[in-house]
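Worksheet: the structure to be examined is printed underneath.
The values are calculated or read from the model by the stated rules, or taken from the named source; none is laboratory data. None of the values given here were measured: they were computed from a predicted structure. When we count neighbours, we look across all protein chains shown, and the Cβ atoms used for this are built from the backbone with ideal geometry, even at glycine. In case anyone asks, the SASA skips ligands and DNA or RNA and just uses the protein heavy atoms, side chains included. Shrake-Rupley method; radii C 1.70, N 1.55, O 1.52, S 1.80 Å.
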Amino acid sequence: RASDVHLQDGEPPVLRIDGRLRPSPDEAPVSVERLLVPGLAAEAQQRIAKGMSADLAIEVERAGRLRLNVF
């Protein structure tokens, strides 16, 4: 039921459910670079490496299309 997933490198995920931020039931810290960056287009990877943000969308099997903002 989460509308947003907030990821910060080295921290557990935070979910926005019904407009409220809640800690993820899985409290394991994430590596944003390992989780997201390899699957991004080269242009987005270059923007992130330069400290810029990247807006994009990805298709996830059984979840649909997801909008991402990485900064």
**Asked** So which residues in segment 56-71 are within 11 Å of the chain's Cα centre (by Cα) and either part of a loop (DSSP other than H, G, I, E, B) or among the charged types (D, E, K, R) (or both)?
**Response** R67, F71
**Item:** Checklist (1) outside any loop (DSSP other than H, G, I, E, B); (2) exposed (fewer than 13 other Cβ atoms within 10 Å of the Cβ); (3) under 13 Å from the mean Cα position of the chain (by Cα) applied to L21, failing item
**Value:** (3)
**Message:** Just to be sure before I move on: is E33 open to solvent by 50 Å² or more (accessible area, probe 1.4 Å), at pLDDT below 85 and in a helix (DSSP H, G or I) in the structure I sent?
**Reply:** yes
**Subset of segment 37-55 (residues that are touching a residue at least 12 places away in the same chain (Cβ under 8 Å), open to solvent by 40 Å² or more (accessible area, probe 1.4 Å) and among the hydrophobic types (A, V, I, L, M, F, W, C))** = A41, I48, M52
**Fill in**
When every residue in segment 44-71 that is in contact with a strand residue (DSSP E or B) (Cβ under 8 Å, 6 or more places away or on another chain) and acidic (D, E) is compared, the one nearest to L7 (Cα to Cα) is D55
